[in-house]
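See below for the structure under consideration.
The values are calculated or read from the model by the stated rules, or taken from the named source; none is laboratory data. Treat the numbers as computed from the prediction; the structure is a model and nothing was measured. When the accessible area is computed, the model is the full protein with side chains, heavy atoms only, and any ligands, DNA or RNA have been set aside. Shrake-Rupley method; radii C 1.70, N 1.55, O 1.52, S 1.80 Å.
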Amino acid sequence: MIVLRSNGPVESGVTVRSGVVIPEAELMWRFSRSGGPGGQSVNTTDSRVELSFDVAGTSALSDVLKTRALERLQSRLVDGVVTIAASEYKSQWRNREAARERLAVLIREAIAPPPRKRRPTKPSKGSVRRRLDDKKRRGQTKRLRGRPDD
C-alpha cells in the first residue's frame, strides 16, 4: 500500500461548486491493489484508490458549511474524516478522477442549503370534486362486482 500526501501544485484541488474548492494539500491519497478478477497485471499495479478528506479540520469550508456537512455526513465520518474508495477502473488515474468526482458530489450535497418549508394550502374546489367523483365511481365499480340481488 502506498500513502501519498500532496503538497505541490500538481492539481488545483477539487471544485465542489463556485466559490468552494478543496485544496490538494487537504486530500490524503492511499493506493493499493484492487480485488476481484483481473488479468496479467492483477498483482502488480496499485490501481485501487482511497481518498480521505478531513471535513472537521478543513479550511475550505466556512463555519456554517462545515457544520452543515458534519451534521449530514455524520454516519460516514470517522473522527471527522470521510473516505471514498474507487476501484472500478484498471487505471489508477481513472480511479483517482472517479474518487475526486464522488467527493465533489458528496460534499456538494452535504453543504446544500436546506429545502424551503412547504406552505400548507387548501385543496381547490375542483380537486376536491374530482377526488369525490373518483371515489364514487370506484365504489360503484366494487358494488357491481357483488352478487346480484334477487
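Across the accessible surface of the chain, with the other protein chains kept in place and a 1.4 Å probe, carbon and sulfur atoms take up 51 percent. Taking every DSSP helix (H) stretch of at least 4 residues in the chain, weighting each as -39,500 (n - 2.57) and dividing the sum by the residue count yields a mean residue ellipticity at 222 nm of -11000 deg cm²/dmol. A full extension of the chain between Ser75 and Ser62 corresponds to an added length of 2.6 nm, given 0.36 nm per residue minus the alpha carbon distance. Here the Kirkwood formula, the inverse mean of 1/r across different C-alpha pairs, assigns the chain a hydrodynamic radius of 19.7 Å. For the pair Ser12 and Asp134, the difference between a 0.36 nm per residue extended length and the Cα-Cα distance amounts to 38.0 nm.
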